[in-house]
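K.L.:
Below: one structure in structure tokens.
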Amino acid sequence: MRFYIKAVPRSTISKIEKMPDGRYKAWLKAAPEKGKANEELVDLCAKHFKVPRKDIKIIAGKTARVKMIEVGNLS
């Protein structure tokens, strides 16, 4: 499954929420430096979708706020 997610770094909370328009939004505590926010996003997606971390990939937007995520092995 592939989807777009908007990342909001430097937040006071860490969570993922599905918005009414069907898109996802992720609030991340980490700063967007040296890939820290991306790492937190992958961890958060793995917990949210209940899949191993290795099944989450950032396909596009590694340096952008809106990223394309691929989740493998969803059941």
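None of the figures in this text is laboratory data; all of them are computed from the coordinates on show. Here the structure is a predicted model, which means the values were calculated and not measured. No Cβ is skipped: glycine too gets one built from the backbone with ideal geometry, and neighbour counts run over all protein chains shown.
K.L.:
Report D for the chain in µm² per second (integer): Stokes-Einstein, Kirkwood Rh on Cα pairs, 4 °C, 1.567 mPa s. Mind dumping the intermediate values first?
P.N.:
On the way: Rh = 12.2 Å.
Answer from the Stokes-Einstein relation: 107 µm²/s.
K.L.:
Give the angle, between 0 and 90 degrees and rounded to the nearest 10, that separates the Cα long axis of helix 36-49 from the longest principal axis of the Cα atoms of the chain.
P.N.:
30 degrees
K.L.:
So which lysines pass the test for LYS36, namely a Cα distance under 18 Å, with those fewer than 8 places away in the same chain ruled out?
P.N.:
Answer for LYS36, where 18 Å is the Cα cut-off: LYS6, LYS15, LYS25, LYS47, LYS54, LYS57, LYS62, LYS67, listed by chain and number.
K.L.:
Something else now. Where does each of 24-30, 58-64, 1-7 land if you order them by average Cβ count within 10 Å, highest first? Walk me through the numbers before you get to the answer.
P.N.:
Values: 24-30: 18.4, 58-64: 12.4, 1-7: 15.6.
Packing proxy ranking, top to bottom: 24-30, 1-7, 58-64.
K.L.:
Using Cα springs under 10 Å in a Gaussian network model of the chain, which residue among PRO20, PRO32, PRO52 shows the largest mean-square fluctuation?
P.N.:
Residue with maximal mean-square fluctuation among PRO20, PRO32, PRO52: PRO20.
K.L.:
Here is a further query. As a test of the formula, what do you get for the chain when each DSSP H run with n ≥ 4 contributes -39,500 (n - 2.57) and the sum is divided by the residue count, at 222 nm and rounded to the nearest 500 deg cm²/dmol?
P.N.:
Details: 1 runs with 14 residues, N = 75.
After summing the helix terms and dividing by residue count, I get -6000 deg cm²/dmol.
K.L.:
Find, among the GluC sites (Glu not before Pro) in the chain, those assigned to loop by DSSP (not H, G, I, E, B) with at most 16 other beta-carbon atoms within 10 angstrom.
P.N.:
On the way: sites: GLU17, GLU33, GLU39, GLU40, GLU70; in loops: GLU33.
Sites meeting the loop and neighbour criteria: GLU33.
K.L.:
Give me, ordered by chain and number, the residues 5 or more places off LYS29 or on other chains with an amide H under 5 Å from its own placed amide H.
P.N.:
Residues meeting the criterion, in which the H sits 1.01 Å from N, are SER11.
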